[in-house]
Structure formats: structure tokens, C-alpha cells
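Heads up: the structure comes next, in C-alpha cells.
The values are calculated or read from the model by the stated rules, or taken from the named source; none is laboratory data. This one's a predicted model, so the numbers in the text were calculated from it and none came from an experiment. So basically every Cβ, Gly included, is an ideal-geometry build from the backbone, and we count neighbours across all protein chains shown.
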Amino acid sequence: MRLTIARKIALAVIAIVILCVGTMAWVASSNLKRGFVAYLNDLQVQDFDQLRELLEDRYRTEGNFDWLRGQPRALGELLNRITPRSQVFEPDGDARRPRRERRPPPPPRGHPAPEQEGEQGEYGNPARPPRREPPPEAGLPPPEARPGEAPPRRNDPMDFAQRLSITDAQGHKLIGPPDIQVGAERAIKVDGVVVGHMRLMPLRETGGADASATVFLREQLQSILLLSAGLIGLAVLAAIWLARHLLRPVAALRDVTARLALGELSARAPLLSRDEVAELALHVNAMAEALEDSERQRRKMLADVSHELRTPLTVIRGEIEALLDGIRKADANALQSLHAEVLRLNKLVDDLHQLTMADAGDLYYHWHELNLGELLRPTLERYQPRAQACGLDLSWSLPSAPVVLQGDAGRLQQVITNLLENSLRYTDSGGQVVVALSCAGGFAEVVVEDSAPGVPAAVLGSIFERLYRVDGARARERGGSGLGLAICKALVEAHGGSIVAAPSVLGGVKMLVRLPLKT
């Protein structure tokens, strides 16, 4: 059987609940047993105090403990006269009645005890007839047992006696084991004089308790076990339901990712909750949208590249066929036209190669410290004659202080060259091109702006896309491939900077390049 996440969650919850409930049940049962034994010990201490009072009364009568020394039967008679606190009531049908009654103390010396029915007691009152129990061989149940049932187990006096030790004032053993673990200790005093000592070993378990106490404890333990089993059963059902409920969104995500892996980029994950799984679904949907957009851009780029390559190849093919057919003479003009188309094709292939290398991170850079002002000045001076030939006024503003940054001089010069080429190529004759260099906020800012015509504000964010043209026919006519600004963006971002386009106050386009200064 495959151990799925749902089964793992269910098993983990079940194991935790079993551990917690089992520990709680064990601690509760242990505390109940321990507390119940302590409760029985407290009750037997009260019986212990009753026995001390009987011993003191008997000592006053006898004057010594000779009647008790080595006489377990005498101790048994005293124990039978105790009303145990732990056995005051016993179930009997729907009522409860006392189990034993305290017997009257023995008569003082010199006073005969009534022995048979009809004898006169002290002061001429008729003596109480002795209690007669039916002999065991009579086959009758004891008076405290129901017909047809075994007699209930009582707190055995012999068990109490075996845990009891009594010594005289000199510490000599009267009855009981000589060395016991003392749980309770009492001094036997007569008229303020200590005449003996009593020690009682505590109960360690409920074995010495009566049947009702044992049944009560067993019922409580059974209730704890039944409750624990019921809680564990409910936890099992809740864990199974919870695992299925929590993993329902995960199953939907699994199906969506499987469809995406098969190329179905339009698949989207449903939002079935508002937790972390829902956030994961949002991320998966965003990834799917990015993949779909990337695939759309890839297909568009392939179509544009094929179209761009087809145009110069078609021109070259037509020129060559015209030369072969003798329609056109192989003079300097024909060769010049072929050379121009080859250069255009070579420029397009070179730009595509640079973009591919930049995307793969394989474009090589020569990093060193440079002064951006000194880099811009010779480039601007070299382009000024071309600007004049195009009927444009090229001006610039460079700071006298050095603008130092870490970069590749050749790549940055390529960025400025591409921006100037665009301005000279697409600005109408009679216009102007202005270049300015400044520093602000730890960045060097290079601004290249020109006059009309401008670019619609709605498409300013798209002009950095590959092979994008605002006016495709006009761009091809002027030799543009639509890759120059995409190359500029890749090179600037490789230097940790940014490039944005905005409308110019001169009526054209304003290009802002920000490069981090050397710190």
C-alpha cells in the first residue's frame, strides 16, 4: 500500500491522539489508585485511633498489657468492636445500613458479665442476650449477603492486624511484627502517662479493602478506559476526514500541474480554501500565466525572426537572380545593394546572438572601475557629425566631477550607441537630441531625449520587447531590427541598473538609464 500524504497525516494525528489519550488515561488511573489507597489509609488511621482508645480503656481496667502480650485472639476481639470508617455503609437492595456496631466495653473487674438469657445485669436490669450466629454447617448465607450470592469481601481484620505493631512503654513487643514500615504511630496514654506505642504499616494497594471499594475502583478504571477508547475512535474518524479535507486542494493542484507538464498552459488551479494551499494555488496559476505568456512571446519572436530573416534573404536572392538572368548588370550599384543587405542580415544575427547569450548568462563582461563622463564624451563627439548630416542638433551636459562606477566600458558604450542610433534614425530632420549625465541617490543617471515624433504613452512599456516596433514598415525602411532596446535593457540590468522610457518635453522620447555608483 502506497503511503500517501493523506495516510501520513491521518496516521500522525492518530498516533498523537493515542499517545496523549493513553498518557492521560495512565496518569488518571495511576492517580486514582494512588489517591484511593491514600484515602483508605486515612480511613484506617481513624480505625487506628479507635483501637488506641479501646486499648487505653482496657489498660485502665486491667492495669497492664499482660492480657494482650502474645494473644492475637485478644487483639481480634478489640478489632471486632471497631466500626471501620471505610465500611460504615454497605449496599443492601436500595438501602444502606451499618455493617457492624461497636460492642460494649468489657465489664470492670469484680462485676460478672451476663452469660445467658434471663440473667440480671448490673442494677437489676435484664442483661442483653448474647448474639447468636447460625453455624456455618447450617447452610444459610451470612446475614449481610443476598440469597444466591457470595458474601461481600470486607476489610479483613487479620490484614489490619498483620500491619499493626504494639509495644509497651519500655518498647517490648506485645503483638505484631517487630519491624514494620511505619505509616502511622500513636502513643497509648492513661492518665497522661505513656504506657505503650502503636504503629501501623500503610496500605500499598487496594487488596486489603472491601468488595465495594474494589468494585468502585474497578468501575472508575473501566470508565476511564472506555472513555479513552471512545476518544481514540473519534480521533481516528476525525483524522481521516481532516486528511481528506486538507488534501482536496492538493489533489486539484496535482491535476493542474500534470496538465501543465503535458503542455496545456491554459490550465488553472481552483481556489478551494484560504490557507497556505490557496497561496500555493495562486503561485501555480501565476506560473502557468507566465509560462503561457513566455510561450506566446516565443512563438511571436520566432515568427518575427523568420520574417526579419526572410526580408534581406529575399532581397539578396532577387538581386542575384536578376544578375544571373542579365536583367541587371553586375556593376558597383548592384554590389553595393547586396553588401547592404548582407550587413543588415549580419547585424540581425549578431543582435539575436547577443540576446541569447545574455539570457543564458554567458555574455562576457570586462569589469573594471571607469569614469562614465570620460566614456560618454568621445562617443558623443563622434556622433555629432552624423547628427548634423541628419539635420539634427546634438548637445550634451556632462559634470566636471568624475562619475565613477564598476562596469564594462565596451558594453556601456554599446548601450549609449544604440540609444543615439535610435534618436538619429527616428527623429525628424530639424529636431534635436539632448544627452545629460548627473548623480542622484547613489546612482549615475544618463538621459537621452529627442524631439518629435514621439511614441504613444500606451506602448512605452513595450518598446523594450524583442522585435517590437511601433511602426513596422517605417522601422524596416530605416534599417531597424527591433532588438536594439532589448539589448540595452539586458546590458543595463547586468550592471545592476535600470532603463525606462517616458515622454520627452522636447516632443519625442526620453530614455533614462540608472547605474549604481562605486561605493
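For the range 208-222, the criterion of being over 25 Å from Leu75 (Cα atoms), polar (S, T, N, Q), at pLDDT 80 or above and crowded, with 17+ Cβ neighbours inside 10 Å is satisfied by no residue at all.
Filter the range 399-426 for residues that are of a type in the set (Val, Ile, Thr) and outside any strand (DSSP E or B) and give the result. Within the range 399-426, Val403, Val415, Ile416, Thr417 meet the criteria. So, of the residues in the range 16-69 that are within 21 Å of Gly183 (Cβ to Cβ) and basic (Lys, Arg), which turns out to be surrounded by the fewest Cβ atoms within 10 Å (Cβ to Cβ)? Per the stated criteria, the residue is Arg34.
Across the range 13-44, what is the number of residues that are in contact (Cβ under 8 Å) with a residue 12 or more places away in the chain and more than 30 Å from Ile82 (Cα to Cα)?
The qualifying residues number 10.
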